[in-house]
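Some notes on the structure that comes next.
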Amino acid sequence: GLFGNGKTCALSTLCAGPTTPYDKPEKSTPDQAWCDLEDAGGLANTLLTVGLIPGLGTFILTFIFAAKEIGKVGLVLSKAESQGISMTAQKYIIAGCWIAFWGFLFVSMVAYAATVPDTLGVGLLTLEASFGVVRLSFLLVTVFGALLIVTLFDLWRPDGFIEAWMEFSETPCLSAKKALYIELMLQLACYLAMFVDEVKWEMLLVVICAYYVDAKVKNFMVMYVVLTTASILFDLITLNFMPQDWQVYTPGQAFTHGLFMVVLILKFLILGTIYLYEKENDGESSGWKQMAPDPEKGEEDEIAE
């Protein structure tokens, strides 16, 4: 609760009149801080509400375009094209909706972060899980929107993803490689969910390990092991600093700290699985690629001129 007793109060009520929820007046929240917080939330909520318009358009138009192979849907698109809305124009409309939706999400976060007060009278104000949900939505819209746009305009081919999925499907279930794939996907999902509390750039380690498994480049395996080992040491420091009483956490912090424990356990599991994966591939040196030339085979560095 706002006053530590489970009770809540509307920001408009706090802004309207003086409040002294603490015994010491110097620790009371200034009335203007409540007003600033209400204005910041109102501005962000307005931007997000207006952003629903291109957001709904994005969902509907993308769904229709994706279902164009269905007879009736394809007929609708054909009629639109006969009315002068070419296929290229339809793609630009879809891309425009995605960009508009993405823009409203970004501007709403910037507006809220810029107008929210620095403090409520005790310590600094921090962004909590409600802001983190918008941040996670922004990340997902950025990734999937970019993939859709580059695919629409043939700027990128998903052949690599298709090949990776086929390799995953064909990998035996009871193998270290399959276990690595599953552990990495689970860890990536945890990192994405942790965006609710804070941005976790450690998720790039998942990309490094995935490339090592897919391309069999040992240099990336060494890079992953070194960086992950260092991150584990920092995680152990963070773990010892974290309060042991989970009742002091906000719901968002409790959620992400639970994911933090899962990610830490997965790091140990992935390192152990990499060891087993290397053991499976002993004697298959022809399947591995080195990122450095082998002088014994007469290989030389290829330097672009």
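The values are calculated or read from the model by the stated rules, or taken from the named source; none is laboratory data. Predicted, not measured: the structure shown is a model, and the values here were computed from it. Because the Cβ atoms are built from the backbone with ideal geometry, glycine has one as well, and the counts that use them run over all protein chains shown. Accessible surface areas use protein heavy atoms only, side chains included; no ligands, DNA or RNA. Shrake-Rupley method; radii C 1.70, N 1.55, O 1.52, S 1.80 Å.
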Check: Can you name the residue in segment 141-168 that is aliphatic (A, V, I, L, M), under 29 Å from Ser86 (Cα atoms) and surrounded by 13 or more Cβ atoms within 10 Å (Cβ to Cβ) and, of all such residues, is farthest from the chain's Cα centre (by Cα)?
Finding: Leu152
Checklist line | Flag for Val110 being in a helix (DSSP H, G or I) and without any contact (Cβ under 8 Å) to a residue 12 or more places away in the chain | finding: yes
Notebook entry, point to check: Restricting attention to segment 180-198, which residues are part of a helix (DSSP H, G or I) and under 9 Å from Gly132 (Cα atoms)?
Noted result: Met194, Phe195, Val196
Check: What is the number of the single condition among (1) open to solvent by less than 40 Å² (accessible area, probe 1.4 Å); (2) at pLDDT below 85; (3) out of contact with any Pro (no Cβ under 7 Å at 6 or more places or on another chain) that Phe131 does not meet?
Finding: (2)
Margin query: On the basis of being hydrophobic (A, V, I, L, M, F, W, C), at pLDDT 80 or above, assigned to a helix (DSSP H, G or I) and under 19 Å from Phe195 (Cα atoms), does Leu266 make the cut?
Written below: yes
Margin query: Of everything in segment 203-215, what is surrounded by fewer than 17 Cβ atoms within 10 Å (Cβ to Cβ) and touching a residue at least 60 places away in the same chain (Cβ under 8 Å)? Give them in sequence order.
Written below: Ala215
Checklist line | Long-range neighbours under 8 Å by Cβ, at least six apart or interchain, first residue among the basic types (Lys, Arg) within segment 90-102, second surrounded by fewer than 17 Cβ atoms within 10 Å (Cβ to Cβ) | finding: Lys91/Phe153
Check: What number of residues within segment 83-120 are out of contact with any strand residue (DSSP E or B) (no Cβ under 9 Å at 6 or more places or on another chain) and open to solvent by 90 Å² or more (accessible area, probe 1.4 Å)?
Finding: 5
Notebook entry, point to check: Residue check: is Gly55 loosely packed, with under 13 Cβ neighbours inside 10 Å and either farther than 21 Å from Lys200 by Cα or in contact (Cβ under 8 Å) with a residue 60 or more places away in the chain (or both)?
Noted result: no
Item checked: Of the criteria (1) of a type outside the set (D, E, K, R); (2) surrounded by fewer than 12 Cβ atoms within 10 Å (Cβ to Cβ); (3) at pLDDT below 90, which one Thr256 fails -> (2)
Next item on the list: For segment 234-249, indicate whether the set of residues that are touching a residue at least 24 places away in the same chain (Cβ under 8 Å), out of contact with any strand residue (DSSP E or B) (no Cβ under 7 Å at 6 or more places or on another chain), among the β-branched types (Val, Ile, Thr) and on the phi < 0 side of the Ramachandran plot is non-empty.
Entry: no
Next item on the list: Could you tell me which residue of segment 180-192 is surrounded by the fewest Cβ atoms within 10 Å (Cβ to Cβ), considering only residues that are touching a residue at least 60 places away in the same chain (Cβ under 8 Å) and within 15 Å of Phe260 (Cα to Cα)?
Entry: Leu186
Next item on the list: Filter segment 153-179 down to residues that are assigned to a loop (DSSP other than H, G, I, E, B) and touching a residue at least 40 places away in the same chain (Cβ under 8 Å), then give me how many there are.
Entry: 2
Margin query: For the structure I just gave you, tell me whether Ser137 is part of a helix (DSSP H, G or I), at pLDDT below 85 and under 21 Å from Thr62 (Cα atoms).
Written below: no
Next item on the list: Could you please give the count of residues in segment 198-241 that are under 24 Å from Met166 (Cα atoms) and among the hydrophobic types (A, V, I, L, M, F, W, C)?
Entry: 13
